[in-house]
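Note sheet for the following structure.
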Amino acid sequence: MAKPQKNIIRLDELDMDFAEAVAKAGGEKINLCIQCGTCTASCPSGRRTAFRTRQLIRRAMLGFRDEVLSDKDLWLCTTCFTCLERCPRGVDPTDVIIALRNMAVEAGYMLDQHKRVSGYFVKYGHAVPINEENRKRRVSLGLSEIPPTTHKHKKALDEVQGILKKMGFDKLIGFKWEKGEE
Ligand code: SF4
Ligand code: SF4
């Protein structure tokens, strides 16, 4: 179901430089959008949810920065790239969405689920760490119980964690290191 719209738009609540910021963040061609709606009509996610690609891009172009960045629907795109292939103006809507997501995270809007998965990545070097079931399955397939990744190589994990710390990714997601790991 479409979301209720605000009846009154206050100009002083809009960020007139927002579209430019999105363009600089990777959604370079956002301002080419002519609001034809091909992206929305093509979007497999929008068929099952309230997510509307065209509307998201329109709001971003108009400067509804906080509304756009805090909107949970921003995370419903599966990055399938259908809209990117079909957009008649070459806006590359998927790139716009990825840029908006990066901006959302920098502004502190991140879903708890994403924080959890990111936490696994910081701790194990894998967003989906191996579990008991997969260990058993690997053995049954004749593979080593532990894959030759950061799970097996502590040095590689240290390197990944070093990079993430330098980038401040651990702080960004509020990751809590255990004693001695900081
Ligand atoms: S398909 Fe392209 S031009 Fe049309 S509304 Fe979507 S982004 Fe804008
Ligand atoms: S890339 Fe995202 S917005 Fe575009 S069609 Fe796929 S799910 Fe929809």
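The values are calculated or read from the model by the stated rules, or taken from the named source; none is laboratory data. Because the structure is predicted, anything quoted here is derived from the model rather than measured. Cβ atoms come from the backbone with ideal geometry, glycine included; neighbour counts cover every protein chain shown. Side chains included, ligands, DNA and RNA excluded: accessible areas come from the protein's heavy atoms. Shrake-Rupley method; radii C 1.70, N 1.55, O 1.52, S 1.80 Å.
Checking the conditions here, which among D92, D66, D71 is open to solvent by less than 80 Å² (accessible area, probe 1.4 Å) and either within 23 Å of R10 (Cα to Cα) or hydrophobic (A, V, I, L, M, F, W, C) (or both)? Matching residue, one of D92, D66, D71: D71.
Of all the residues in the range 126-182, those that are among the β-branched types (V, I, T), open to solvent by less than 90 Å² (accessible area, probe 1.4 Å) and assigned to a helix (DSSP H, G or I) number 2. Being touching a Ser or Thr at 6+ places or on another chain (Cβ under 7 Å) and aliphatic (A, V, I, L, M) holds for only one residue in L84, L56, and it is L84.
With the requirement that a residue be over 18 Å from the mean Cα position of the chain (by Cα) and either at pLDDT below 95 or over 12 Å from C87 (Cβ atoms) (or both), what does the range 20-39 give you? Across the range 20-39, the qualifying residues are E20, N31. For the range 110-125, the tally of residues that are open to solvent by less than 80 Å² (accessible area, probe 1.4 Å) and among the aromatic types (F, W, Y) stands at 1. Of the residues making up the range 28-45, those that are away from ligand 1 (no atom under 11 Å from the Cβ) and open to solvent by less than 70 Å² (accessible area, probe 1.4 Å) are P44, S45. If I filter the range 62-72 for residues that are within 10 Å of ligand 1 (Cβ to nearest atom) and either small (G, A, S) or touching a residue at least 40 places away in the same chain (Cβ under 8 Å) (or both), do I get at least one hit? No.
Against the numbered list (1) within 10 Å of ligand 1 (Cβ to nearest atom); (2) in contact with a Lys or Arg (Cβ under 9 Å, 6 or more places away or on another chain), R54 comes up short only at (2). For the range 21-51, a tally of residues being within 11 Å of ligand 2 (Cβ to nearest atom) and in contact with a Lys or Arg (Cβ under 9 Å, 6 or more places away or on another chain) returns 7.
The criterion of at least 3 residues that are over 19 Å from L172 (Cβ atoms) and among the basic types (K, R) is met, among helices (runs of 4 or more DSSP H) falling completely within the range 8-124, by 53-62.
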